[in-house]
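Data block below; observations after.
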Amino acid sequence: QMWEEAIALGKELAEQYENEMFDYEQLSELLRKQAQFYENIVKVIRPKPDYFAVGYYGQGFPTFIRNKVFIYRGKEYERREDFEARLLTQFPNAEKMKTTSPPGDDIKTSSGQYIQCFTVKPKLDLPSKFHRPVSEQIVSFYRVNEVQRFEYSRPVRKGEKNPDNEFANMWIERTIYVTAYKLPGILRWFEVKSVFMVEISPLENAIETMQLTNDKINNMVQQHLNDPNLPINPLSMLLNGIVDPAVMGGFANYEKAFFTEKYMHEHPEDHDKIEKLKDLIAWQIPFLAEGIRIHGEKVTEALRPFHERMEACFRQLKDKVEKQYGVRAILSGLEERRGSRPRSMVRSFTMPSSSRPLSVASVSSLSSDSTPSRPGSDGFVLEPLLPKKMHSRSQDKLDKDDLDKDKKEKKKEKRNSKHQEIFDKEFKSTDISLQQAEAVILSETISPLRPQRPKSQVLSVMSSERRFSVSPAPPSSQLSPPPITPRAKLAFSIQPNLELNGMSSSDIPDVPPPLPLKGSTADYGNLMESQDLVSPTTSPPAHQR
């Protein structure tokens with residue numbers, strides 16, 4: 001369940017899949033897994049294992065663990081008693097020490113085996129990327145993972161014992177253990193490389209306790225806000241233990257110990273710390289109010305009397321604290337999110353009438369003071385990302401047009417023949433201006449047509465040599481020349497200064513060449529045959545169709 005580590009490895013794999021292997025199928029599957037990991041981090045509650053400090057003292061142990069201290073990571077929900085029993089099975093002759101203080105030289109130099117085991121608390125070491133407050137569900141992973149510093153606190157009494165208030169002279173002796181590597185690692189235990197000790201005064205201990213209590217209330221409130229199905233019993237126990245003075249006494253003991261004239265006179269250097277403690281007490285009220293509100297929404301009818309008593313105790317506590325230490329108020333989660341976001345970004349996400357996503361220029365133009373050139377529905381400048389003609393056609397339509405264009409290009413290539421090359425050469429030889437060059441471009445999409453022959457030329461040919469002529473009339477009407485109908489298909493034309501079948505244009509003046517023989521005369525419409533010009537045994541030249 002160390003999904004944070006899995007995400008880090010997944011990012012390395014994603015870099016390989018995307019930029020080295022170009023395996024987008026594996027990349028998509030990996031990104032789906034990462035999305036599930038992020039969701040698990042926020043929604044799934046993971047167990048927090050305990051850490052144990054284990055010291056092996058005596059000459060009876062092997063040299064690699066003799067007189068050394070190790071930090072062990074326990075299993076899920078493993079208690080200290082179960083861990084000790086599992087540890088003693090490996091050293092059945094060892095004796096368990098009953099104190100947590102460091103042993104003397106007599107034990108270290110003895111020939112026996114002594115094992116000292118106690119629970120230590122991991123010290124939170126957040127990564128540098130968390131430079132602002134984040135959800136407790138995200139931070140909770142780093143409270144028990146990627147930790148290298150551990151602490152053990154032991155209460156020590158100094159001075160006279162006060163039977164009325166034990167917090168006045170309760171000092172804390174805190175031992176800090178630093179391991180060789182971060183836990184968990186390749187092993188579930190690492191050797192302690194350095195140990196140092198600090199002392200915490202009673203007032204500093206009270207400040208830490210209040211801070212931890214406030215964080216605990218806030219974290220539990222956030223958990224119930226994120227997951228309404230959580231059981232209510234832990235919240236009930238936590239709130240009742242703080243609100244009801246008959247259970248633990250709350251912070252009344254701190255007031256008796258530190259908020260007196262005697263303490264202020266004896267410890268003038270603690271004035272700032274006392275003010276900080278008062279501020280923490282005042283901040284506890286809004287956290288308790290939110291927790292009691294959630295408890296009232298989820299409480300059952302059987303626990304309704306218990307909730308009403310807790311509300312009555314909270315009202316008394318609230319009136320007292322607000323009168324002595326002031327009023328504190330917390331912002332809701334929604335207001336905090338809005339406050340942390342720039343106003344221009346809020347406007348870009350809350351456009352009331354924008355029916356399509358705006359471009360970058362559109363979002364940036366919302367805060368500008370220039371006059372809109374094209375007002376939208378709200379008077380803002382709506383700049384399109386693409387030209388207008390691209391919005392009028394869908395992508396499917398574009399793909400279909402591309403296919404049709406490819407088909408037309410193939411058909412055009414089949415229709416092109418030798419006469420097209422002759423036609424292009426004639427146009428290149430003439431003096432054409434740049435404005436008339438558009439006619440050449442049109443030849444890519446429109447099949448070229450030969451220029452129509454003058455009617456006088458057709459009449460002279462028909463009367464003199466009885467050449468072929470296209471006519472819609474029946475063959476019986478041979479006395480009058482039929483009208484000429486232009487054809488959109490391939491046509492032949494003899495251009496000047498060109499040779500055809502080895503004959504120059506001067507040998508065949510203004511006379512079109514004969515059409516090649518076909519199997520059926522219906523291919524050319526109604527034809528007038530001439531036995532003198534067309535012979536059945538004559539084949540067309542090789543370069544003509």
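The values are calculated or read from the model by the stated rules, or taken from the named source; none is laboratory data. Note that the structure is a prediction, hence the values are computed from the model and not measured. Cβ sites come from the backbone with ideal geometry, for glycine too, and all protein chains shown count toward neighbours. Remember, those area values only see protein heavy atoms, side chains included, never the ligands or the DNA or RNA. Shrake-Rupley method; radii C 1.70, N 1.55, O 1.52, S 1.80 Å.
Quickly run through region 80-139 and pick out the residues that are within 15 Å of ASP50 (Cα to Cα) and assigned to a loop (DSSP other than H, G, I, E, B).
Within region 80-139, LYS123, LEU124 meet the criteria.
Looking at the structure I just gave you, is ILE294 assigned to a helix (DSSP H, G or I) and over 30 Å from TYR177 (Cβ atoms)? Before the answer, list the steps.
Values: assigned to a helix (DSSP H, G or I): yes; over 30 Å from TYR177 (Cβ atoms): yes.
Spelling it out, ILE294 is indeed assigned to a helix (DSSP H, G or I) and over 30 Å from TYR177 (Cβ atoms).
Give me the residue from region 20-62 that is polar (S, T, N, Q) and open to solvent by 70 Å² or more (accessible area, probe 1.4 Å) and, out of that set, farthest from GLU151 (Cα to Cα).
If we filter region 20-62 for residues that are polar (S, T, N, Q), which is where we start, we get 26, 28, 34, 36, 40, 59.
Subsequent filtering for residues that are open to solvent by 70 Å² or more (accessible area, probe 1.4 Å) retains 26, 36, 59.
Working: GLN26: 44, GLN36: 34, GLN59: 27 Å.
That would be GLN26.
Within region 163-207, can you find the residues that are modelled with pLDDT of 90 or more, in contact with a strand residue (DSSP E or B) (Cβ under 7 Å, 6 or more places away or on another chain) and assigned to a loop (DSSP other than H, G, I, E, B)?
The answer is PRO184, ARG188, SER201.
Out of all the residues in region 63-79, which are open to solvent by 70 Å² or more (accessible area, probe 1.4 Å) and under 11 Å from GLU191 (Cβ atoms)?
Within region 63-79, just PHE64 meets the criteria.
I'd like the residue in region 117-161 that is basic (Lys, Arg), under 30 Å from GLU266 (Cβ atoms) and without any contact (Cβ under 8 Å) to a residue 24 or more places away in the chain and, out of all such residues, is surrounded by the most Cβ atoms within 10 Å (Cβ to Cβ).
Keep residues of region 117-161 that are basic (Lys, Arg), which gives 121, 123, 129, 132, 143, 149, 154, 157-158, 161.
Right, trim to under 30 Å from GLU266 (Cβ atoms) and you get 154, 157-158, 161.
From what's left, without any contact (Cβ under 8 Å) to a residue 24 or more places away in the chain: 157-158, 161.
Values: ARG157: 13, LYS158: 11, LYS161: 9.
The extreme case among them is ARG157.
Of everything in region 80-98 that's in contact (Cβ under 8 Å) with a residue 12 or more places away in the chain and open to solvent by 70 Å² or more (accessible area, probe 1.4 Å), which residue is nearest to MET2 (Cα to Cα)?
At the first step, the residues of region 80-98 found to be in contact (Cβ under 8 Å) with a residue 12 or more places away in the chain are 80, 83-84, 87-88, 91, 93-97.
If we keep only those that are open to solvent by 70 Å² or more (accessible area, probe 1.4 Å) as well, we get 80, 93, 95-96.
Values: ARG80: 23, ASN93: 37, GLU95: 36, LYS96: 33 Å.
That would be ARG80.
Mind checking which residues of region 99-114 are among the hydrophobic types (A, V, I, L, M, F, W, C) and open to solvent by 80 Å² or more (accessible area, probe 1.4 Å)?
Just the residues of region 99-114 that are among the hydrophobic types (A, V, I, L, M, F, W, C), to begin with: 107.
The answer is none; no residue qualifies.
Anything in region 253-266 that is free of Cβ contacts under 8 Å to residues at least 40 places away in the same chain and open to solvent by 60 Å² or more (accessible area, probe 1.4 Å)? List them, or say none.
The answer is GLU261, LYS262, MET264, HIS265, GLU266.
Restricting attention to region 308-331, which residues are among the β-branched types (Val, Ile, Thr) and open to solvent by 80 Å² or more (accessible area, probe 1.4 Å)? Give the derivation first.
Taking region 308-331 first, the residues among the β-branched types (Val, Ile, Thr) are 321, 327, 330.
The one that is among the β-branched types (Val, Ile, Thr) and open to solvent by 80 Å² or more (accessible area, probe 1.4 Å): VAL327.
Which condition breaks for ILE45 when tested against (1) part of a helix (DSSP H, G or I); (2) hydrophobic (A, V, I, L, M, F, W, C); (3) modelled with pLDDT under 95?
(1)
Restricting to region 162-171, name every residue that is touching a residue at least 60 places away in the same chain (Cβ under 8 Å) and either crowded, with 17+ Cβ neighbours inside 10 Å or farther than 30 Å from MET264 by Cβ (or both).
Hits for region 162-171 are ASN165, PHE167, ALA168.
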